[in-house]
There are 2 protein chains.
Amino acid sequence: MYTLYSMQRSGNSYKVRLALAKLGIPHRLVEIDILQGESRTPEFLAKNPNGQIPLLEVAPGRYVAESNAILWYLAGGTMLAPEGRIERAEALQWMFFEQHSLEPNLGAAFFWLALIKGGRELQQHVLEDWTENGYRALGVMEKHLTDHRYFVDRRYTIADIALYAYTHVAHECDLDLSRFPAIRAWLARVAAEPGHVPIDWQPEALAVAK
Amino acid sequence: MYTLYSMQRSGNSYKVRLALAKLGIPHRLVEIDILQGESRTPEFLAKNPNGQIPLLEVAPGRYVAESNAILWYLAGGTMLAPEGRIERAEALQWMFFEQHSLEPNLGAAFFWLALIKGGRELQQHVLEDWTENGYRALGVMEKHLTDHRYFVDRRYTIADIALYAYTHVAHECDLDLSRFPAIRAWLARVAAEPGHVPIDWQPEALAVAK
């Protein structure tokens, strides 16, 4: 059984928890509170030298890090993966876009504004960059969604999961989605997909162990 | 034949040009000078709404963006791709690490310090973050390379290509590799691989057309 090291309030962790829930894959969930330094202990760093969650133990003592790499691993051969060679590349394109253009702005803002007390003051020097670059990334997504229901392959895939995680909490990142109607419609479509679970969902049947 | 929209001095473009050279894949090369706004023209934005290079035309009128997604597309089934399911996930892990932890720091520093006149003054407010986070990413790579010759699967793959692009110009990003001996040894190994070409290499046989 897989073990997922995750934090409930992390958008990157949510991606993996959402994929596991949708695919009905049994797993052990270990809550890592990065605010308490739990991702920087010697024990955790031995598992992931980059000191980040989510982290999936895919075989005994073998770990895969980076939320979107984990999504790719889990989705292979399932309904969440696009099928054609070009479609797979397009999914990765949007997933790299997410980690390069969206998450560094929305994810950083979410972390410092929603999770860290006094974070706004500490990060004052970059808040404007995050907002400007965040809106720019949302603009690219809005343009695509104006004539696409989903990001790739005309259906819900891991590309949507990757982009949903921080976009659906944009309001907690100082970003206003009111001028992005196509994004708002897509967010509603994703949330209405069968098997969808919210970010604070926790599987009751699974023990949360450290 | 593929058409690659690329800029000679772009590390992200270099990744794709290196992979194409190593795989001996014929292609048409279109130089896009992002410093002259050539990636933000209506014509280019119609190809890639995110306004970035590299961009590969994979079928008539069909484009894949994001350097690492293009690498994945080109490498499939070749000697540059890792084979096992876990190894493929590990390659993607390092490629997402590259776009999330390395490139936003080294790539940004390279762009503003090496390519833009007066860039150092314009970006003074974030230079320290780039340096600190860049060294942190290099530290994670150094640790891995201390007991691995390559990043994944014990051999040269697209994960190495992705990480090589900006690491090999670290000195132009205000970063000093003298305290990273394992990285320096790996850079030398990559450069000694058969078919390696430097960042300023240009295939003589191919016309550079706009």
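Some notes on this structure:
- Residues located in the range B:99-121, provided they are acidic (Asp, Glu) and more than 13 Å from chain A (Cβ to nearest Cβ): B:GLU121
- Filter result for the condition that a residue is modelled with pLDDT under 95 and among the basic types (Lys, Arg), over B:ARG62, B:ARG40, B:ARG9: B:ARG9
- Scan of the range B:16-67 for residues that are of a type in the set (D, E, K, R) and within 23 Å of A:ARG136 (Cβ to Cβ), ordered by number: B:ASP33, B:GLU38, B:ARG40, B:GLU43, B:LYS47, B:GLU66
- Counted residues, the range A:106-119 - those being surrounded by fewer than 16 Cβ atoms within 10 Å (Cβ to Cβ) and within 22 Å of the chain's Cα centre (by Cα): 3
- Top-ranked residue in the range B:37-65 [being without any contact (Cβ under 8 Å) to a residue 12 or more places away in the chain and within 10 Å of chain A (Cβ to nearest Cβ); ranked as surrounded by the most Cβ atoms within 10 Å (Cβ to Cβ)]: B:VAL64
- In the range A:12-28, the count of residues that are within 13 Å of the chain's Cα centre (by Cα), among the aromatic types (Phe, Trp, Tyr) and surrounded by 18 or more Cβ atoms within 10 Å (Cβ to Cβ) is one or more.
- Among the residues of the range A:123-144, the ones that are among the aliphatic types (A, V, I, L, M), within 11 Å of another protein chain (Cβ to nearest Cβ) and touching a residue at least 40 places away in the same chain (Cβ under 8 Å) come to 3 in all.
- Members of the range B:78-104 that are more than 13 Å from A:LEU71 (Cα to Cα) and either open to solvent by 30 Å² or more (accessible area, probe 1.4 Å) or aromatic (Phe, Trp, Tyr) (or both): B:THR78, B:MET79, B:GLU83, B:GLU87, B:TRP94, B:PHE97, B:HIS100, B:PRO104
- Residue list for the range A:66-80, restricted to those being under 15 Å from A:LYS15 (Cα atoms) and either part of a helix (DSSP H, G or I) or more than 9 Å from every other protein chain (Cβ to nearest Cβ) (or both): A:SER67, A:ASN68, A:ALA69, A:ILE70, A:LEU71, A:TRP72, A:TYR73, A:LEU74, A:ALA75, A:LEU80
- Looking only at the range A:120-142, and only at residues there that are surrounded by fewer than 18 Cβ atoms within 10 Å (Cβ to Cβ) and of a type in the set (Asp, Glu), the one that is farthest from the chain's Cα centre (by Cα): A:GLU121
- Number of the condition not met by A:GLY195 [criteria: (1) at negative phi; (2) open to solvent by less than 50 Å² (accessible area, probe 1.4 Å)]: (1)
- Complete set of residues in the range B:164-195 that are in a helix (DSSP H, G or I) and either in contact with a strand residue (DSSP E or B) (Cβ under 9 Å, 6 or more places away or on another chain) or of a type in the set (Asp, Glu) (or both): B:GLU172
- Within the range B:31-43, the set of residues being hydrophobic (A, V, I, L, M, F, W, C) and more than 17 Å from the chain's Cα centre (by Cα) comprises B:LEU35 only.
- Leading residue by the ranking (nearest to B:ARG155 (Cα to Cα)) among those in the range B:181-210 that are at pLDDT 90 or above and among the β-branched types (Val, Ile, Thr): B:VAL190
- Residue in the range B:81-99 that is assigned to a loop (DSSP other than H, G, I, E, B), free of Cβ contacts under 8 Å to residues at least 24 places away in the same chain and either over 14 Å from B:PHE151 (Cβ atoms) or not hydrophobic (A, V, I, L, M, F, W, C) (or both) present: no
- Residue match in the range A:143-157 (condition: over 20 Å from A:ALA89 (Cβ atoms), open to solvent by less than 40 Å² (accessible area, probe 1.4 Å) and of a type outside the set (A, V, I, L, M, F, W, C)): no
The values are calculated or read from the model by the stated rules, or taken from the named source; none is laboratory data. Keep in mind that what you see is a predicted model, and the values were worked out from it rather than measured. Here the Cβ is made from the backbone with ideal geometry for all residues, glycine too, and neighbour counts use every protein chain on show. Just so you know, the surface numbers come from the protein's heavy atoms only, side chains and all, with ligands and any DNA or RNA stripped out. Shrake-Rupley method; radii C 1.70, N 1.55, O 1.52, S 1.80 Å.
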